[in-house]
Amino acid sequence: MTTPDFVIALRERIGHDPLPLVGATAVVFRDEKVLLGKRADNGAWQTIAGIVEPGEEPADAAARECLEEAGVVVSVDRLALVQQVPRITYANGDQVDYIDIVFRCTWVSGEPHPADGELTEVGFYDLAAMGDVDDAHVRKIALAMAEEDPAHFRGGRVRR
């Protein structure tokens with residue numbers, strides 16, 4: 001994953017300490033298929049995602065990431081999920097706490113291809129053939145599929 005310049009500048013100040021960041025995930029549908037990419041860094045199959053830039057609307061970030069990573073133009077249709085991702089510690093020791101904002105999107109144009117090097121393979125896949133996608137991404141896809149469902153979130157409930 002390409003690290004945005006603002007994150008590099010922050011890392012110069014805070015080192016490897018936990019950094020809270022906002023991520024945007026696009027679950028893109030075309031006909032009865034979903035857009036999936038194989039990450040270049042770890043080989044995992046997942047939906048398209050990236051970091052929201054300072055001042056950027058999360059939905060705009062989701063659409064931007066689709067164009068940058070997969071070469072496709074999408075419309076962002078609705079919010080599907082907001083969640084805190086468990087802390088990630090990267091190989092270099094950097095720690096990140098992501099708030100992931102997941103959007104249901106619809107393909108508009110462009111044929112998917114690995115556009116910026118973050119993905120080695122990308123395409124639209126049948127929902128029944130998602131054996132290599134981990135449970136967290138399957139959950140995102142399932143929540144985005146439910147067109148009439150409200151957005152889902154965790155936390156915020158009264159604790160007794």
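Okay, here's what the table says:
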{"read-out": "J(HN,Hα) series, segment 82-92, from Karplus relation 6.51 cos²θ - 1.76 cosθ + 1.60, nearest Hz, glycine and proline x", "value": "10, 8, 8, 7, x, 3, 10, 10, 7, 4, 7"}
{"read-out": "C-alpha center-to-center spacing [segment 44-62, segment 1-34] in angstrom", "value": "7 Å"}
{"read-out": "Within the accessible area of the chain (1.4 Å probe), percent carbon and sulfur", "value": "53 percent"}
{"read-out": "Shape of segment 43-106, Cα gyration tensor, a/c cut at 1.5", "value": "prolate"}
{"read-out": "Calculated over segment 101-160: convex hull of Cα atoms, volume per residue (Å³)", "value": "154 Å³"}
{"read-out": "Globularity index of segment 1-82, i.e. its alpha-carbon radius of gyration over 2.2 N^0.38 Å", "value": "1.19"}
{"read-out": "Cα principal axis extents for segment 20-160, largest first, Å", "value": "49, 41, 34"}
{"read-out": "Size of electric dipole in segment 57-124: Cβ of Lys, Arg +1 and of Asp, Glu -1, about Cα centre, debye, nearest 20", "value": "280 debye"}
{"read-out": "Charge-dipole axis of the chain as Lys and Arg at +1 and Asp and Glu at -1 on Cβ define it, positive-most pick from F153, V22, V74", "value": "F153"}
{"read-out": "By average C-beta atoms within 10 angstrom, highest first, the peptides 49-60, 89-100", "value": "49-60, 89-100"}
{"read-out": "Net length gained if the chain between K38 and R11 were fully extended (0.36 nm per residue, minus Cα distance)", "value": "7.0 nm"}
{"read-out": "Calculated [θ] (222 nm, deg cm²/dmol) that DSSP helices of n ≥ 4 give over the chain, each run adding -39,500 (n - 2.57)", "value": "-5500 deg cm²/dmol"}
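The values are calculated or read from the model by the stated rules, or taken from the named source; none is laboratory data. Just so it is clear, the structure is predicted and the values come from calculations on it, not from any experiment. Cβ coordinates were reconstructed from backbone atoms using ideal geometry, including for glycine residues, and neighbour counts include every protein chain displayed. Note: areas computed on protein heavy atoms with side chains; ligands, DNA, RNA excluded. Shrake-Rupley method; radii C 1.70, N 1.55, O 1.52, S 1.80 Å.
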